[in-house]
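**Student:** One structure, pasted below without further comment.
The values are calculated or read from the model by the stated rules, or taken from the named source; none is laboratory data. Just so it is clear, the structure is predicted and the values come from calculations on it, not from any experiment. Counting neighbours? That spans all protein chains shown, and the Cβs are built from the backbone with ideal geometry, glycine included. SASA here: full protein model, heavy atoms, side chains in, ligands and nucleic acids out. Shrake-Rupley method; radii C 1.70, N 1.55, O 1.52, S 1.80 Å.
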Amino acid sequence: VRVLLADGLKREASLLELSLSHRPSHSQSLASLCHRFAAFSDTVRLCKQWLSSSLLSSSIPPEAIELTVAHTFISPLPYSPPSTPFVGLMRFLTLLTTHSWSSSPLIVDLNFESEPLSDDAFSECVNLCTTLSASSRPPLLICTSTDMQGMRWTR
């Protein structure tokens, strides 16, 4: 990655870092969710299938779909976590339609078992996202503990 950056190949360096570092970490986080919630993996598949059949799958990156579904399981209030894939799909669609994507990021705390996001980290993410201009801001901003800018999976 450093060699590519030194050669001025910033895009290639970021793609390499994404595939060597960030994707394995993302997969590991999702695997822990699959072990904790029985309906999680089937819900992700059902949501991806629904978006594909609605011709929206090319608009939303797969990792963003997975993180949005993860939010419905990790932060299900006022409900309990979905127990079936169909309920998970309904909550995913509700989240997509009701969340204020233009004014606030979606905060997905993938460290739900160890150390939750602090209020400072939450406000840092919101402040970073609100300072972005409308032209540089992606349509979906999904902040995690490893991506406080919220643009790793949604650019």
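**Student:** Select from region 88-111 the residues that are part of a helix (DSSP H, G or I) and open to solvent by 50 Å² or more (accessible area, probe 1.4 Å) and list them in ascending order. Quick ask: steps written out before the conclusion?
**Tutor:** First, the residues of region 88-111 that are part of a helix (DSSP H, G or I): 88-98.
Of everything in region 88-111, those that are part of a helix (DSSP H, G or I) and open to solvent by 50 Å² or more (accessible area, probe 1.4 Å) turn out to be Met90, Arg91, Thr94, Thr97, Thr98.
**Student:** Same structure again: What's the number of the condition Ala70 fails, among (1) in a helix (DSSP H, G or I); (2) surrounded by fewer than 16 Cβ atoms within 10 Å (Cβ to Cβ); (3) at pLDDT 85 or above?
**Tutor:** Evaluating Ala70 over (1) in a helix (DSSP H, G or I); (2) surrounded by fewer than 16 Cβ atoms within 10 Å (Cβ to Cβ); (3) at pLDDT 85 or above leaves (2) as the failure.
**Student:** Please specify each residue of region 45-67 satisfying the condition of being hydroxyl-bearing (Ser, Thr, Tyr) and either within 12 Å of Val108 (Cα to Cα) or buried (at least 18 other Cβ atoms within 10 Å of the Cβ) (or both).
**Tutor:** Step one: of region 45-67, the residues hydroxyl-bearing (Ser, Thr, Tyr) are 52-54, 57-59.
Scanning region 45-67 gives no hits.
**Student:** With respect to Ala39, determine if the residue is surrounded by 13 or more Cβ atoms within 10 Å (Cβ to Cβ), in contact with a helix residue (DSSP H, G or I) (Cβ under 6 Å, 6 or more places away or on another chain) and modelled with pLDDT under 85. If you could, list the steps in order and put the result at the bottom.
**Tutor:** Values: surrounded by 13 or more Cβ atoms within 10 Å (Cβ to Cβ): yes; in contact with a helix residue (DSSP H, G or I) (Cβ under 6 Å, 6 or more places away or on another chain): yes; modelled with pLDDT under 85: no.
Here the answer is no, as Ala39 does not meet what is asked.
**Student:** For Leu56, are the conditions met, namely being among the aliphatic types (A, V, I, L, M) and assigned to a helix (DSSP H, G or I)? Quick ask: steps written out before the conclusion?
**Tutor:** Values: among the aliphatic types (A, V, I, L, M): yes; assigned to a helix (DSSP H, G or I): no.
When the stated conditions are applied, Leu56 does not pass them.
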